[in-house]
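Undergrad: Before anything else, here's the structure in question.
The values are calculated or read from the model by the stated rules, or taken from the named source; none is laboratory data. These figures come from a predicted structure and were not determined experimentally. Here Cβ is always computed from backbone atoms with ideal geometry, including for glycine, and neighbour counts include all displayed protein chains. Just the protein is used for accessible areas: all its heavy atoms, side chains included, with ligands, DNA and RNA removed. Shrake-Rupley method; radii C 1.70, N 1.55, O 1.52, S 1.80 Å.
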Amino acid sequence: MSLHVVSHPIAQDILLTLRDKRTHPDTFRAMARRISLLLAAEATRDLPTRAATVETPLASASGRAIDTDIVVVPVLRAGLGMLEAVLDVVPTARVGHIGMQRDESTAIASQYYAKFPARLDRCVVYMIDPMLATGGSAVAGIDLLKQQGAHDIRLLCIVAAPEGVRTVEHAHPDVRIYTPVVDERLNDVKFIVPGLGDFGDRLFGTE
Ligand code: PRP
Ligand code: URA
């Protein structure tokens with residue numbers, strides 16, 4: 001199963017505010033950050049750990065430390081709305097960027113920027129993009145990450161459409177998708193319904 005629906009009640013509550021057309025960018029940004037924390041917590045649940053010991057003021061305490069390199073890759077620009085939260089969860093992660101833009105009339109995504117840290121083959125890679133609509137941006141982004149050697153890739157999104165989930169699952173069955181919700185459908189201009197509109201515009205107050 002590559003699809004993980006994070007049906008946490010707090011995530012469901014936040015989604016209502018994100019979807020509400022009356023929500024202003026300041027609140028939208030805060031909610032995008034909060035829901036991303038929950039997604040990141042879930043998507044890091046199975047990270048490898050190693051035994052470690054520290055000295056408390058009283059005695060030795062044994063525990064587990066994260067035992068892998070992590071890279072977070074926001075898909076510009078909407079993915080930036082999730083980045084700080086994911087870095088709160090994995091603060092030692094390095095950060096790559098992919099710039100991807102959907103053509104407004106065809107909804108086909110094209111890449112305009114990419115920059116990655118070295119040795120993605122040794123890392124768990126979290127690609128973060130809040131909207132999974134047709135899946136075109138996600139598949140192109142994952143293609144790029146795999147060309148750079150990444151093979152443990154997880155996709156974090158905030159609203160997914162069934163079409164996008166199917167497209168990613170078909171092209172990249174090894175990639176795990178974490179989302180709090182899979183919506184009903186895409187409309188004729190490939191926006192998610194009911195969705196929340198254009199995430200980047202709502203995050204940054206552009207139209
Ligand atoms: C949005 C969103 C995804 C993409 C999803 O970005 O952030 O990247 O659309 O659509 P898809 O699954 O059909 O490819 P957009 O191209 O609007 O760019 P932006 O983030 O700069 O607003
Ligand atoms: N991108 C968005 O921001 N929203 C959608 O519904 C689809 C793509």
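Undergrad: Out of all the residues in region 196-207, which are near ligand 1 (Cβ under 10 Å from one of its atoms) and among the hydrophobic types (A, V, I, L, M, F, W, C)?
TA: If the condition is that a residue be near ligand 1 (Cβ under 10 Å from one of its atoms) and among the hydrophobic types (A, V, I, L, M, F, W, C), then Phe199, Leu203, Phe204 are the ones that fit.
Undergrad: Any idea which of (1) aliphatic (A, V, I, L, M); (2) closer than 14 Å to Gly99 by Cβ; (3) open to solvent by 10 Å² or more (accessible area, probe 1.4 Å) is the one Ala133 doesn't satisfy?
TA: Of (1) aliphatic (A, V, I, L, M); (2) closer than 14 Å to Gly99 by Cβ; (3) open to solvent by 10 Å² or more (accessible area, probe 1.4 Å), only one is false for Ala133: (2).
Undergrad: Could you grab me the full set of residues in region 43-81 that are open to solvent by 20 Å² or more (accessible area, probe 1.4 Å) and in a loop (DSSP other than H, G, I, E, B)?
TA: Listed by number, the residues that qualify are Thr44, Arg45, Asp46, Pro48, Thr56, Pro57, Leu58, Ala59, Asp67, Thr68, Arg77.
Residues are listed down the side, and each one gets a yes or a no for (1) within 20 Å of Arg77 (Cβ to Cβ); (2) over 12 Å from the mean Cα position of the chain (by Cα):
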site: Arg122; (1), (2): no, yes
site: Ile128; (1), (2): yes, no
site: Gly135; (1), (2): yes, yes
site: Leu145; (1), (2): yes, yes
site: Ile158; (1), (2): yes, no
site: Gly164; (1), (2): yes, yes
site: Ala171; (1), (2): no, yes
site: Thr179; (1), (2): yes, no
site: Val182; (1), (2): no, yes
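Undergrad: A further question on this structure: Could you list all residues from region 159-195 that are within 11 Å of ligand 1 (Cβ to nearest atom), within 19 Å of Ala40 (Cβ to Cβ) and polar (S, T, N, Q)?
TA: Hits for region 159-195: nothing passes.
Undergrad: Could you please let me know if Gly149 is at pLDDT 95 or above, small (Gly, Ala, Ser) and under 24 Å from Arg45 (Cα atoms)?
TA: Against the criterion (at pLDDT 95 or above, small (Gly, Ala, Ser) and under 24 Å from Arg45 (Cα atoms)), Gly149 qualifies.
Undergrad: Still on this model: Between residues in region 192-207 that are in contact (Cβ under 8 Å) with a residue 40 or more places away in the chain and residues that are more than 9 Å from ligand 2 (Cβ to nearest atom) and of a type in the set (A, V, I, L, M), which pairs lie under 6 Å by C-beta distance while being six or more apart or on different chains?
TA: If the second residue must be more than 9 Å from ligand 2 (Cβ to nearest atom) and of a type in the set (A, V, I, L, M), the pairs left are Leu196/Leu18.
Undergrad: Condition first: of a type in the set (A, V, I, L, M, F, W, C), farther than 22 Å from Pro25 by Cβ, in a strand (DSSP E or B) and more than 13 Å from ligand 2 (Cβ to nearest atom). Can you find one or more residues in region 138-155 that meet it?
TA: yes
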